[in-house]
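Enquirer: Pasting a structure here, questions to come.
The values are calculated or read from the model by the stated rules, or taken from the named source; none is laboratory data. Note that this is a predicted model, so its numbers are computed, not measured. Every residue, glycine as well, gets a Cβ built from its backbone with ideal geometry; the counts of neighbours run over all protein chains shown. Ligands, DNA and RNA are stripped out before the accessible areas are found, and what is left, the full protein with its side chains, is counted by its heavy atoms. Shrake-Rupley method; radii C 1.70, N 1.55, O 1.52, S 1.80 Å.
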Amino acid sequence: MKDQNMFSGYQEEQQGDKKTTLPIVKLLGISSILSYILLLTWNGYIGQNIGRVSSQVFPVIVTPPGLFFAIWSVIFVLLFASLCLVYWYSAWNIKTFLSLYFYFATYIIWMYFFSTGTKYGLVICTFDIFLITFSLFLIWKYSFDIDDDSKAQKFIRQSIAFQMGWTASASCLNLCIFLVYICEMSQQSICFLIWIYLGLAHSLISLLAYKQAGSDKIKFIQNFGLYYASCSWALIGFDYSQVYQKIKIFTYVIYFIKIKTISLNIIKSTPQQSSRII
């Protein structure tokens, strides 16, 4: 049985003229679910090519290992569950749905152009991924227009925040790829710069979210806390990638020294063996 108090602002429609918006909200709710299913289908089709471009065409030393990108499966499940709740309880207003469709559009643009593996596409993606992060923040922000702090509404906001934390981190990574392959900056430089970008991006978003939550620490954590879970996962991935690269380079140096030593020994021993044969 549905909890009638979960989203009383839309369920009971006690504010008169808002009654007429309920059918529209329901229609937007079901269309958002169907649109998201299509988006996931497109993502599954083109995702493998995106991974190839990231690892082979535009590799950078700060890219986290593939394991860390498994977080997308969690993001997809949380957002799909949230959209189902939104439809069931008519939990969003029209502005929030428009922000969601803005997110869909920007995400599709990023997937398409990044998968092309061209520098022209990379330039577009670098600016577009900031719009993706901005659209997620708008979705989260406009969800506060409904004066409701139920568990379901908090779950929806936390799900959006979870994706926002990862996407904000990914936007910094995309910027580093842009600096290396468009601005011809060295890989060593971005190892330092990415931490500055991450600090600025997450600080700004956190400040805006805290203000939106009315500067209430408890309300902020209850509606935005998962942002720091995905953000921390990204930071660990960035740090691990640099350590891994250093270990890999050190291993290559050791192998090179060993091969060089063996080669020199073979070269030294070859004349001696030849003289013995003669």
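Enquirer: For the range 169-191, give me each residue that is among the β-branched types (Val, Ile, Thr) and in a helix (DSSP H, G or I).
Expert: Listed by number, the residues that qualify are 177, 180, 190.
Enquirer: Suppose we filter the range 145-157 for residues that are in contact with a helix residue (DSSP H, G or I) (Cβ under 8 Å, 6 or more places away or on another chain) and open to solvent by less than 30 Å² (accessible area, probe 1.4 Å); how many remain?
Expert: So the answer is 6.
Enquirer: Continuing with the same structure: Which condition from (1) open to solvent by 10 Å² or more (accessible area, probe 1.4 Å); (2) touching a Ser or Thr at 6+ places or on another chain (Cβ under 6 Å); (3) not charged (D, E, K, R) is the one that residue 103 breaks?
Expert: (1)
Enquirer: Would you point out which residue out of 147, 128 is in a helix (DSSP H, G or I) and of a type outside the set (Lys, Arg)?
Expert: When all the criteria are applied, what remains is 128.
Enquirer: Could you count how many residues in the range 2-41 are open to solvent by 60 Å² or more (accessible area, probe 1.4 Å) and either on the phi > 0 side of the Ramachandran plot or modelled with pLDDT of 90 or more (or both)?
Expert: 6
Enquirer: Here's another thing I want to ask about it. Of the residues 76, 69, 102, 127, only one is within 13 Å of the chain's Cα centre (by Cα) and either modelled with pLDDT of 95 or more or within 30 Å of residue 149 (Cβ to Cβ) (or both); which?
Expert: Result of the check over 76, 69, 102, 127: 76.
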